[in-house]
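Beneath this line is the structure, given in structure tokens, with notes to follow.
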């Protein structure tokens, strides 16, 4: 298969935008991405996109133009964006299309997500008794991890403090005010050990990326970033995931570890080569655990990494340079593509106040979502 | 409590010392809950151990949205609760409400025991609590 490049990137600011639907935010992002690439909508050969609660993405053609292009709706939970990107990449790499769109958007109600047990194949009592909340899963996972590997509450707080510090420097972020460590640690508890400032919130936003074949990129003279590899994996046997009333006593694999390993192997590079990473941080603990699950450090080393500031923008491996989900919020359909958007900006040197120094060459992004899905994308300049 | 009915049928056994009902797969693996419908084919209902150890735990400090049917009317009378995973040795790790404990009492690996408790105005549910020293 031939190489595929991202030649256009657009984003509608995350957060809350009264009076603009989720899909309209997606259309805004598509138009920005087209302008960035110097293209018209009629140039796009095929499209993949989705949202969790703002309707089907293919309805965007009403606003963008009725060009008759094939537009596939993607619904893959938090991995919707990653799955759209993977599909668009395969469409271009196969030679079927020269230009493809991957897009995602959403607009969620305030407060935590509520899930329907039946749609996850779970009995009604699991939801009725108050055990079917995504926030609980993350708290249960990090609680055990902290005790097994010696991660302190302070380190949880440092992750959130960094997120808001980076968000304050990011145009598309929702939370743009720094929050100090004491405030984070002393905020109301949501699910022990995680306080209010350690969780991301459902939000709104839209992202669009335009993919091109190498030939098309050269023809257009576009400023492209190569997709070195993409890997999407669902859960293996005996894993511990969101919404499980029972877990196997046999410890199983993790979808993130599988997706990460496959993405690195396919790209022919290793974790030590990565210059900037966007890791799923639905809460502080997730960022900590995902540092290890993606192969960047050993379990427990995060305590030292955070204390030494290694994941700061000027550190050895900057993580979540735009403030991640914690500062941007989580519009499910757009969230995974936001990470890729941020890496595209960083690798093009367009990060502004949050630009990673030293001309980063390799960008890594990772999403995780219910019921145990992970998508990793590695970009190369 | 006698007027309360279980939150679901066949979730635990009806006896003086009830057991949660899991399933035994043809491979021998124990799962919880017992699968339903076509997924139950070949799976034998399996009464789970009443005692285990704490695998992880957390608190729920805000009132969950629907389908939560916990006690009370709304946010004003919501009482935070504890939940976690209990490892039943050699069987399965089950998610459960935790009662008769404060968050500060909980430690990974501590002994826990099964109990049926009132849940809301109409139902009972299952929970685990720190094992009482006899």
Worksheet item: Full extension from residue A:114 to residue A:219: what is 0.36 nm times the residue separation minus their Cα-Cα distance, to one decimal in nm?
Response: 33.0 nm
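For residue A:262 and residue B:9, FRET efficiency with R0 = 45 Å and r from the beta-carbon atoms, rounded to 0.05? Mind dumping the intermediate values first?
Numbers: r = 43 Å, r/R0 = 0.96.
Approximately 0.55, to the nearest 0.05.
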Response to the item:
Taking a crude spin-label model, label points 7 Å out from Cα along the C-beta direction, the residue A:94 to residue A:177 distance in nm is 5.0 nm
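What FRET efficiency do you get for residue A:350 and residue A:234 if R0 is 56 Å and r is their Cβ-Cβ distance, rounded to the nearest 0.05?
Details: r = 34 Å, r/R0 = 0.60.
After rounding to 0.05, the efficiency reads 0.95.
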Practice prompt. Report relative contact order for chain A in percent, whole number only (criteria: Cα-Cα under 8 Å, sequence separation at least 6).
Written response: 25 percent
Fill in: Two-site label geometry, residue A:147 and residue A:75: point separation in nm, points 7 Å out along Cα→Cβ
3.9 nm
Response to the item:
Helix A:80-93: inclination vs chain A longest Cα principal axis, degrees, rounded to 10, gives 40 degrees
Practice prompt. Name the shape class, rounded, prolate or oblate, that the alpha-carbon gyration tensor gives for the stretch A:134-258, where a ≥ b ≥ c are the square roots of its eigenvalues, rounded holds for a/c under 1.5, and otherwise prolate holds if a/b is larger than b/c and oblate otherwise.
Written response: oblate
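Do you know the relative contact order of the stretch A:1-152, to the nearest whole percent, from alpha carbon pairs under 8 angstrom that are 6+ apart? If you can, show how the numbers build up before the last one.
On the way: 199 pairs, mean separation 34.0, N = 152.
This gives 22 percent for the stretch A:1-152.
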Fill in: the protein assembly as shown pair-distance distribution - Cα-Cα, 20 Å bins, rounded %
23, 52, 23, 2, 0
Discussion item. For Cα pairs less than 8 Å apart in space and 6+ apart in sequence, what is the mean separation divided by the residue count of the stretch A:214-337, i.e. the relative contact order in percent?
Written reply: 20 percent
Fill in: Beta bridges per DSSP with both ends in chain A, % antiparallel, nearest 5
75 percent
Worksheet item: Mean residue ellipticity at 222 nm from the helices of the protein assembly as shown, using -39,500 (n - 2.57) per DSSP H segment of n ≥ 4 over the full residue count, to the nearest 500 deg cm²/dmol?
Response: -7500 deg cm²/dmol
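What does the extension gain come out to for residue A:249 and residue A:124, with contour length at 0.36 nm per residue minus their alpha carbon separation?
Numbers: separation 125, 0.36 × 125 = 45.00 nm, distance 2.41 nm.
Result: 42.6 nm gained on full extension.
What's the FRET efficiency of residue A:307 with residue B:38 using the Cβ-Cβ distance as r and R₀ = 56 Å, to the nearest 0.05? Write out the running numbers ahead of the final one.
Numbers: r = 52 Å, r/R0 = 0.93.
Calculated transfer efficiency: 0.60.
We did not get these values from a lab; they are worked out from the coordinates using the rules stated. Only a predicted model underlies this, so the values are computations on that prediction, with no experimental measurement involved. Glycine gets a Cβ as well: all are built from the backbone with ideal geometry, and neighbour counts include every protein chain shown.
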